[in-house]
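Worksheet for the structure shown next.
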Amino acid sequence: MSEPQHPALYQINTRVWLTELSRALGKRATLDDIPDAELDRLAEMGFDWVWFLSVWQTGPAARAISRANPEWRCEFAVTLPDLEDEDIAGSGFAIQNYTVHRDLGGAPALARLRQRLQKRGLKLMLDFVPNHMAPDHTWIDEHLDYFIHGSETDLPRAPRNYCRVQTKSGPMVLAYGRDPYFDGWPDTLQLNYGNPDLQQAMIGELVRIAGQCDGVRCDMAMLVLPDVFERTWGIRADLFWSKATEFVRRKYPNFQFMAEVYWDLEWTMQQQGFDYAYDKRLYDRLREGHARPVREHFHAGLDYQNRLARFLENHDEPRATATFAPGVHEAAAVITFLSPGLRFFHQGQLEGRRKRISPHLCRGPAEPVDQQLERFYDRLLGVLRQRVVREGQWQLLECIPAWEGNWTWDCFVAFAWQGRDGERLLIAVNYAPNQSQCYVRLPFADLGGGEWRLQNQMDDVGYDRDGNDLQSRGLYLDMSPWQASVFVLARKSWKSTRKLGSTCASFWRRALN
């Protein structure tokens, strides 16, 4: 079965989930212990991809750094007030080796999990971290030239960016992995993309990973772009991603790449072979709480929009429930997940979890389920399972003032989906803290000459509207603060209209008699 044009992805914190399963089973759980019923549930909910975070082998060096870092421990203790050292497994992005972690069951367990996913039509996504490795990676002794070197003067000058590492060749000053705007990650060492041999070695790692899954999420993918890398390290580097994605697809033509990317470099990553790029810009504009910048974001072409990964939270961002107030959360979710592209959900989001779990931790806090939010997401996922929003055509709609001086028209975000068989969805959101009104121009040329039914998929409320009025003036909306509606737009049949008229006539005859 081919993948829909606008798929849905579910991110799982693998180590935290297996810790929960271990407690339930009374033994150490591996990937083999993930219940079939849970995979069935993900498929039934309408997901196409499952991203299992942090499956690769990590080592004692990075784990020791995570446990000793006082700033990180303070963050961990906010999540887990009863924090213990055993809860700190080390970052899943400080990779010692691209082999499946032995505690998860190793490569055979992952292969069996992938087979179980495939039986349910689910694709497997894993991590690829291009920028750095753990400090006890084997390349430290075998290929020291793969890393960025520093000098003795760098240690006192930039102690947060360099460290001394014991290697087979003796002590060496090496750089921490970092981006140009922040201090380094002290549990990692920076790879040197100015070295062509390192680039070939990383392509080799990607090919091996591609044999075990269907796609990769590439961590901080923009850091190895030549201009970014040179700005950070003063070292010129050749293009990596265009070569890497092309090379992998020669062997695995359907393999997919998703980029974690910021700094308005999404289009750049798409042009270098990425199927999807993080849409952090939409997320940031939704957090600001104003409709116009959100609408303006959707003015970009569909060749760009269709290849964005839309999210309200992930393992790096705060929980959506802790970020967006009630009502705002639901409005932002309707906008995010009913826009075109990849719909990216995070484990715990659907239940309203509030505490972000660091990727250094292997245990999460116990939190109550927000049942109201869970019901909302159940309805939203039901909409997302409809073919019209998985395969249909999306279009941003124009909102205009309902009368002269009606400034609240500017508070709306509205768009439509149309399917190949004529199905139509109309999404309208008053993304503002005030009551708002507007007319929405509808893009359909066949509205005249009858009545149309607008049935809201989010609350089962329906409305009948005259088609000639919809055609000439548009759809009038008067919506409460942060209200979000998802209407199925369908022409009322002649039979139903005649039946309604007959029923009304019978009522009045009885009333008059």
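The values are calculated or read from the model by the stated rules, or taken from the named source; none is laboratory data. These numbers were taken from a predicted model, which means no experiment stands behind them. Quick reminder, even Gly has a Cβ in these numbers, built from the backbone with ideal geometry, and neighbours come from all protein chains shown. Surface areas here come from the heavy atoms of the whole protein model, side chains and all, with no ligands, DNA or RNA. Shrake-Rupley method; radii C 1.70, N 1.55, O 1.52, S 1.80 Å.
Pull up the range 77-89, narrow it to residues that are open to solvent by 20 Å² or more (accessible area, probe 1.4 Å) and assigned to a helix (DSSP H, G or I), then point me to the one that is nearest to Arg354 (Cα to Cα).
Applying the filter and picking the extreme gives Val78.
For the range 402-422, which positions are open to solvent by 60 Å² or more (accessible area, probe 1.4 Å), of a type outside the set (Phe, Trp, Tyr) and in contact with a strand residue (DSSP E or B) (Cβ under 8 Å, 6 or more places away or on another chain)? Outline the logic, then answer.
Taking the range 402-422 first, the residues open to solvent by 60 Å² or more (accessible area, probe 1.4 Å) are 403-405, 407, 409, 418, 420-421.
With the extra rule that they be of a type outside the set (Phe, Trp, Tyr), the set shrinks to 404-405, 418, 420-421.
Listed by number, the list holds a single entry, Gln418.
Mind checking which helices (runs of 4 or more DSSP H) fall wholly inside the range 225-339 and carry at least 3 residues that are basic (Lys, Arg) and open to solvent by 20 Å² or more (accessible area, probe 1.4 Å)? Before the answer, list the steps.
Working: elements: 226-233, 241-251, 266-271, 280-288, 291-297, 302-305, 320-323, 328-337.
By residue number, 241-251, 280-288.
So, in the range 340-361, of the ones that are aliphatic (A, V, I, L, M) and closer than 13 Å to Gln11 by Cβ, which residue ends up surrounded by the most Cβ atoms within 10 Å (Cβ to Cβ)? Write out each step before concluding.
Taking the range 340-361 first, the residues aliphatic (A, V, I, L, M) are 342, 350, 357, 361.
With closer than 13 Å to Gln11 by Cβ added as a condition, the list becomes 342, 350, 357.
Numbers: Leu342: 23, Leu350: 20, Ile357: 21.
Among residues in the range 340-361 that are aliphatic (A, V, I, L, M) and closer than 13 Å to Gln11 by Cβ, the one surrounded by the most Cβ atoms within 10 Å (Cβ to Cβ) is Leu342.
Checking Asp466 against (1) open to solvent by 10 Å² or more (accessible area, probe 1.4 Å); (2) touching a Ser or Thr at 6+ places or on another chain (Cβ under 7 Å), which single condition isn't satisfied?
(2)
Residues being open to solvent by less than 40 Å² (accessible area, probe 1.4 Å), at pLDDT 95 or above and part of a strand (DSSP E or B): count how many of those fall in the range 160-189.
Adding up the residues that qualify gives 8.
Could you grab me the full set of residues in the range 117-138 that are assigned to a helix (DSSP H, G or I) and surrounded by fewer than 17 Cβ atoms within 10 Å (Cβ to Cβ)?
Once the filter is applied, which keeps residues that are assigned to a helix (DSSP H, G or I) and surrounded by fewer than 17 Cβ atoms within 10 Å (Cβ to Cβ), the range 117-138 yields Gln118, Lys119.
Every residue in the range 336-379 that is under 25 Å from Lys123 (Cα atoms), aliphatic (A, V, I, L, M) and in contact with a strand residue (DSSP E or B) (Cβ under 8 Å, 6 or more places away or on another chain), please.
Leu338, Leu342, Ile357
What's the total number of residues in the range 139-156 that are open to solvent by 10 Å² or more (accessible area, probe 1.4 Å) and assigned to a strand (DSSP E or B)?
Selection size over the range 139-156: 1.
Which one is farthest from Met125 (Cα to Cα) among residues in the range 39-60 that are open to solvent by less than 60 Å² (accessible area, probe 1.4 Å) and of a type in the set (D, E, K, R)? It would help to see each step written out before you state the result.
Narrowing the range 39-60 to residues open to solvent by less than 60 Å² (accessible area, probe 1.4 Å): 39-40, 42-43, 45-59.
Now drop any that are not of a type in the set (D, E, K, R), which leaves 40, 48.
Working: Asp40: 17, Asp48: 10 Å.
Checking each candidate, the answer is Asp40.
Table: residues versus (1) of a type outside the set (Lys, Arg); (2) in contact (Cβ under 8 Å) with a residue 60 or more places away in the chain; (3) open to solvent by less than 40 Å² (accessible area, probe 1.4 Å); (4) more than 19 Å from Val16 (Cα to Cα).
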site	(1), (2), (3), (4)
Ala62	yes, yes, yes, no
Glu75	yes, yes, no, no
Ser91	yes, yes, yes, no
Ala111	yes, yes, no, yes
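Does at least one position in the range 9-19 carry a residue that is outside any helix (DSSP H, G or I), hydroxyl-bearing (Ser, Thr, Tyr) and in contact (Cβ under 8 Å) with a residue 24 or more places away in the chain?
Within the range 9-19, the subset outside any helix (DSSP H, G or I) is 9-13.
If we keep only those that are hydroxyl-bearing (Ser, Thr, Tyr) too, we end up with 10.
Then keep just the ones that are in contact (Cβ under 8 Å) with a residue 24 or more places away in the chain; that gives 10.
Among the residues of the range 9-19, at least one is outside any helix (DSSP H, G or I), hydroxyl-bearing (Ser, Thr, Tyr) and in contact (Cβ under 8 Å) with a residue 24 or more places away in the chain, which makes the answer yes.
With respect to the numbered conditions (1) surrounded by fewer than 15 Cβ atoms within 10 Å (Cβ to Cβ); (2) within 30 Å of Asp103 (Cα to Cα), which one is the sole condition not fulfilled by Asp378?
Condition not satisfied by Asp378: (2).
Since Val388 meets every condition but one in (1) in a helix (DSSP H, G or I); (2) at positive phi, which condition does it not meet?
The single condition Val388 does not satisfy is (2).
Inside the range 434-459, can you point out the residues that are open to solvent by less than 50 Å² (accessible area, probe 1.4 Å) and not in a loop (DSSP other than H, G, I, E, B)?
Across the range 434-459, the qualifying residues are Ser436, Gln437, Cys438, Tyr439, Val440, Trp452, Leu454, Asn456.
Which of the residues spanning the range 384-415 are out of contact with any Cys (no Cβ under 6 Å at 6 or more places or on another chain), free of Cβ contacts under 8 Å to residues at least 40 places away in the same chain and under 18 Å from Ser485 (Cα atoms)?
Once the filter is applied, which keeps residues that are out of contact with any Cys (no Cβ under 6 Å at 6 or more places or on another chain), free of Cβ contacts under 8 Å to residues at least 40 places away in the same chain and under 18 Å from Ser485 (Cα atoms), the range 384-415 yields Gln386, Val388, Thr408.
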